[in-house]
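Below is one structure; the comments refer to it alone.
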Amino acid sequence: MSALIDTLETDHEGYLKRRSDWTAALAEELALADGIELTEGHWEVINFLQEYYENYEIAPAIRILTKQIGKRYGQEKGNSRYLYELFPKGPAKQACRYAGLPKPTGCV
Amino acid sequence: MNDSQPVAAAEVPSVVGRYRVIPLIREGAMSNEHSAVADASVQQQLKLPGTLVEDWHDRAIARLGELVASRRGLRVFLDTCTKCGACTDKCHYFLGTHDARNMPVARQDLLRSVYRRYFTFAGRFFPWLVGARKLDKALLQDWYNYFHQCSECRRCTVFCPKGIDTSEVTMAGREILASVGLGQQYSQEIITKVNSIGNNLGMKAPALAHVLESLEEDILEETGVPVRLPLDDPDADMLVVTPSADFFAEPHVDGLIGYAKVLHQSGIRWTFSSAASEAANFALFTGQHDHMRDIALRIRNAAVELNVSRLVIGECGHAWRVAYSFLDALVGPMNFLEAAHPRAQHICELTHELLESGVIRLDAERNRGKVVTYHDSCNVARGAGMGNIKGGQFTIPRELLVASVPQVIDMSRDTTHQRTFCCGGGGGLLTDDLMNVRIKGALPRAQALREVVTSHQVTHLVAICAICKTQLSAVLPHHDLANVQVTSLHQLVGDALLLDGNKANT
């Protein structure tokens, strides 16, 4: 199987170097490789991450992410337990990779 | 069976942790653990070669020569080791990995043996007698791998009869590696972000402002009090500089909320700065003194620009070491600070001062049900003091905890205070590509924690360092301690604080 990701430039941890390379099909492929089939709930998060990045040039803080997802899609989704169920390796890192955003750096 | 017996027995730690037992050696167990080498573009932004240079051997030796000539301490540390072995079982990475090269003496010897070969009489003429050897490609690789399995925590130094500061040897090793083109991606990329944007995260001013506004909203909702988190306030008297993880990660952000509540109640006019939105100084880890100065200078410049007379540093271990021990040497004199507070203060020191003088009051009952223990961060414990009292770096945070929480339990004394074990992620190792090293390196801390979880049902592990908080949250589940909540000290202080007008007061 020729993977989409193999044709694109990434950093050593598999994050896209150019956001313009991102496609929805790529997100599906990256998730599938981790055994995750993207649902509407996943896409709500991925879409929010991309929108936030568009405005602020960085992924949102976890607290902002949970608050905004809760506001938009219902309070039952506005907590980190829900987000970790969707993205078991952590919403900041795993979801950012699927969304084509660079990985947050620093002591995080 | 006597039911009342266990109460008295529980006061004495009874579980003997494995950190007191020297493990069997597994030669080369970690020789392939490898943190990603810095991209050419990152290296070049720092005016370093993008890839390994052709004449790496000559340049590495020349750089080593320059370092031993200019850093007298380094030369003394390289000359004076007698290989007595006192340090061997004091390193958390050795205890966790069993790799003999993670014994501090052996890790240092990777560099010391080369120093002997090129810079000492005996090593030049009788190398086989003094364990001196030439630098070759395989040894260069060992330098890279093992100097990134040291968190520069300096626990071994406490036990060294000669007082050799191993971290200085690690820093020199990394500095030489970067100078021939082998910087570490994690640390070097972070330094480029501080230089270009002002913090390790790469969070620009609009994003920072948005986070702070959102937190003000949250605090107002929780307490009914309009607590502010000001940014670039020109009328502020005090600049607070904190690790940028406090703006981004959990549980760090809850500590940030705690600072804001304390400062609100104090009545002090304070601000964050968008130009110096980072307390951390990763150049301490990479050993590059010029970078360390550049990063420290951002803080000084912001303080002068905002015309403040006080400077306070948030919960960050190595930031505090730099601020307490090196700030004057790097960018001093800090003569714009007021006479009553002539140097940077730690946020814990400030909160403690406010508590002692009765400006703020804490009610430990508000944290009822929590049983906490305190993890001394290595750079605070061994790299700095706090307040104007001897040992303040140990007593001040603990006194704040005792005032904030009904039950505070210390871990075994050979794992706290000056003998504290590193969290396993310090010194530039907090990167996912070193996760195996991080999990193993956390073993002694996890063992000591397990003792108090078993004996006193500890629920919270408190730290005052962004790296410790991230690392321990990530690795404790691997040591079957997922139920222990890693917590910022100022979260507990903020929750215990009597805030005027708080809904919860009535």
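Every read-out reported here was derived from the displayed coordinates using simple, explicitly stated rules and does not represent laboratory data. Since the structure is predicted, the reported quantities are computational estimates derived from the model, not experimental observations. No Cβ is skipped: glycine too gets one built from the backbone with ideal geometry, and neighbour counts run over all protein chains shown.
Rounded to the nearest 500 deg cm²/dmol, what is the calculated helix-only ellipticity per residue at 222 nm for chain B, with -39500 (n - 2.57) per DSSP H run of length n ≥ 4?
On the way: 24 runs with 238 residues, N = 506.
-14000 deg cm²/dmol, from helical runs alone.
Unpaired Cys in the protein assembly as shown, meaning no second Cys C-beta under 4.7 Å: A:Cys96, A:Cys107, B:Cys81, B:Cys84, B:Cys91, B:Cys150, B:Cys160, B:Cys316, B:Cys348.
Our compactness index for chain B, the C-alpha radius of gyration over the empirical 2.2 N^0.38 Å, is 0.99. Between B:Arg413 and A:Thr39, the modelled label-to-label distance comes to 5.4 nm, taking each label 7 Å out from Cα in the direction of the beta carbon. Please report the spacing between the Cα centers of segment B:318-391 and segment B:124-191 in Å, no decimals. If you average the Cα positions of each part, the centres end up 31 Å apart.
The mean number of partner chain beta-carbon atoms within 10 angstrom of a residue's beta-carbon across peptide A:45-57 is 2. Considering only B:Pro226, B:Ser113, B:His479, and ranking their Cα positions along the charge dipole of chain B that arises from unit charges at the beta-carbon of Lys, Arg, Asp and Glu, the one farthest toward the positive end is B:Ser113.
In chain A, the ratio of gyration radius to Kirkwood radius, Rg to Rh, stands at 0.95 when only Cα atoms are counted. In a simple Cβ point-charge model (Lys, Arg +1; Asp, Glu -1; nothing else charged), segment B:356-488 has a dipole of about 100 debye relative to its Cα centre.
FRET efficiency for B:Cys84 and B:Glu217, Cβ-Cβ distance as r, R0 = 51 Å, nearest 0.05? Please list the in-between numbers first.
Working: r = 58 Å, r/R0 = 1.15.
With R0 = 51 Å, the Cβ-Cβ based efficiency is 0.30.
Take the Cβ atoms of B:Ala504 and B:Arg124, set R0 to 56 Å, and the FRET efficiency comes out at 0.20.
Give me the net charge for the shell around B:Pro127: Cβ to Cβ below 14 angstrom, other residues only, Lys and Arg +1, Asp and Glu -1. Show your work: numbers first, answer last.
On the way: positive: B:Arg112, B:Arg116, B:Arg117, B:Arg124, B:Arg133, B:Lys134; negative: B:Asp109, B:Asp136.
Overall, the nearby charge balance is +4.
Placing pseudo-labels 7 Å out from each Cα toward the beta carbon at A:Ile5 and B:Lys134 gives an inter-label distance of 4.3 nm. The length gained by stretching the chain between B:Phe336 and B:Glu54 to full extension, at 0.36 nm per residue less their Cα-Cα distance, is 96.7 nm. Placing unit charges on the Cβ atoms only, positive for Lys and Arg and negative for Asp and Glu, gives segment A:56-108 a dipole magnitude near 40 debye about its Cα centre.
Quick one: Kirkwood hydrodynamic radius for the protein assembly as shown, alpha-carbon pairs, angstrom, one decimal? All intermediate terms of the calculation are to be shown ahead of the outcome.
Working: mean 1/r = 0.0395 Å⁻¹.
Averaging 1/r across every pair of different Cα atoms and inverting gives 25.3 Å.
Its residues counted as N, segment A:9-57 yields a C-alpha radius of gyration over 2.2 N^0.38 Å of 1.19. For the peptides B:68-74, B:197-203, residues were scored by their other Cβ atoms within 10 Å and the scores averaged per peptide; the highest-first order is B:197-203, B:68-74.
In this simple spin-label model, placing a label point 7 Å from the Cα along the Cα-to-Cβ direction at both B:Asp363 and A:Arg72 gives a separation of 3.9 nm.
Between segment B:215-260 and segment B:445-498, the alpha-carbon centres lie 22 Å apart.
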